[in-house]
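Below is one structure, written out as structure tokens; the observations come after it.
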Amino acid sequence: METIATWTASDGYRGLWRHFEPPGTHRADIIYLHGIQSHGGWYGSSCQRLAGLGYRVGFLDRRGSGLNFHHRGDAPSWQRLVADVFEFRQQFVGNPPRPCFLLAVSWGAKVAAAIAARWPWLFQGIILIGPGFFPQVAPPLATRLRILAARLLRPAKQFPIPLNDPELFTATAPAQAFLRDDALALRTATARLLVESVWLDRHLRGLARRLRLPTLLMLGEHDRIIHNGPTRRWVAGWNSPDVTLRVIPGGHHTLEFEADAQSWFSHLAAWLETRALHSG
């Protein structure tokens, strides 16, 4: 069952997150991160299924996103977003702590990779679904120049996120209808957040040798939001001896919305089964 809870960051920001408690044996904790536009409400099905398998899931809506309307579409820095997940993890894990995994989709994978490189001992593994390391979609050059100017002069100025076509995310008609009408989706972001995303990209490029956690990389065959080829090559170059790649035939960017949910979730469940068993 899903419950909504509140957590507080060290800078005083109060955020909301979605809690999925397993009905029986608690095998491990999972911290789940969403993309630039999405939120935890997109991923309730996989969270419920993970809880049914014995995993306690904490889905953290990013500050300014999803359930969090304070400073909408904004963040002080990418470092603050990384710190948010670190601090949330410290509040979320039980005592004694159980194995903890980091699961991130799309843009959220950038924050997850930065965390995994800095604090690898906090997690037993990292799962990346359609990670946003190499995007196909970006604002036009003229818009990017306006964003840069606004970052210097009006950092809170909002710009459209260029992902408002539901067909970029999924080919499933009911899911496309849901995305068109989603009141919690983030349609715009501040110049500050958009520029911080670029600085985070640059930070990540030098981290390959520091990324050592067991890793599951899941890609949709027909992803139109990220470049699968560069993503595969970069993750394969991590310093981890345990990198598993799964490409979902016919899959699109948001695997959660695939008509056949079992086509991708079975890979996730099997990978977790093995790593949670060895970590427990």
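Summary table below
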{"read-out": "Per-selection Kirkwood Rh - region 231-277 (Cα, Å, 1 d.p.)", "value": "12.3"}
{"read-out": "Alpha carbon Rg of region 64-149, scaled by the compact-globule rule 2.2 N^0.38 Å", "value": "1.29"}
{"read-out": "Exposure proxy order (Cβ contacts within 10 Å, fewest to most) of Arg72, Arg151", "value": "Arg72, Arg151"}
{"read-out": "For the chain, built as a Gaussian network whose Cα springs stay under 10 Å, the top-fluctuating residue of Ala149, Ala208, Ala83", "value": "Ala149"}
{"read-out": "Thr3, Thr190, Thr274 arranged by Cβ crowding within 10 Å, fewest neighbours leading", "value": "Thr3, Thr274, Thr190"}
{"read-out": "Relative exposure of Leu213, Leu153, Leu200, judged by other C-beta atoms within 10 Å (fewest first)", "value": "Leu153, Leu200, Leu213"}
{"read-out": "Region 1-130: proportion of alpha-carbon pairs further apart than 22 angstrom, %", "value": "28"}
{"read-out": "Mean shadow area of region 148-219 over all directions, Cα convex hull, nm²", "value": "7.2"}
{"read-out": "Computed P(r) (all Cα pairs; the chain; 10 Å bins; percent)", "value": "7, 31, 39, 21, 3, 0"}
{"read-out": "Convex hull volume per residue in cubic angstrom - Cα atoms of region 51-196", "value": "136"}
{"read-out": "Under Karplus coefficients 6.51, -1.76 and 1.60, residue-wise ³J(HN,Hα) of region 213-225 in Hz, glycine/proline x", "value": "6, x, 10, 10, 10, 10, 10, x, 4, 10, 4, 10, 9"}
{"read-out": "Descending Cα extents along the principal axes, region 189-266, whole Å", "value": "37, 36, 18"}
{"read-out": "Under-5 Å amide H pairs with Ile30, H placed in peptide plane, nonlocal only", "value": "Arg56, Val57, Gly58, Phe101"}
{"read-out": "Charge context of Arg27, other residues only, Cβ under 15 angstrom, K/R +1, D/E -1", "value": "+1"}
{"read-out": "Enclosed volume per residue, in Å³, of the convex hull spanned by Cα atoms of region 133-258", "value": "122"}
{"read-out": "Translational diffusion of region 127-177, µm² s⁻¹ [Kirkwood Rh, Cα pairs; Stokes-Einstein; 4 °C; 1.567 mPa s]", "value": "96"}
{"read-out": "Counting all C-alpha pairs of region 1-43, share separated by more than 18 Å (%)", "value": "41"}
{"read-out": "Residue with peak Gaussian network fluctuation, the chain [Cα springs, cutoff 10 Å], from Ala175, Ala112, Ala142", "value": "Ala142"}
{"read-out": "Cα centroid of region 186-212 to Cα centroid of region 59-108, whole Å", "value": "15"}
{"read-out": "P(r) of region 16-63 over all Cα-Cα pairs, binned every 10 Å from zero, in whole percent", "value": "31, 52, 15, 1"}
{"read-out": "Cα centroid of region 116-132 to Cα centroid of region 227-268, whole Å", "value": "14"}
{"read-out": "Karplus 3J(HN,Hα) series, Hz, for region 193-201 with 6.51 cos²θ - 1.76 cosθ + 1.60 (x for Gly, Pro)", "value": "5, 5, 6, 4, 4, 5, 4, 5, 4"}
{"read-out": "Highest-MSF residue in the chain out of Asp74, Asp260, Asp201 [GNM, Cα springs under 10 Å]", "value": "Asp260"}
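Laboratory data are not the source of any read-out in this text; all were calculated from the coordinates shown. On a predicted model such as this, the values are computed, not experimentally measured, just so you know. We place every Cβ from the backbone using ideal geometry, glycine too, and count neighbours over all the protein chains shown.
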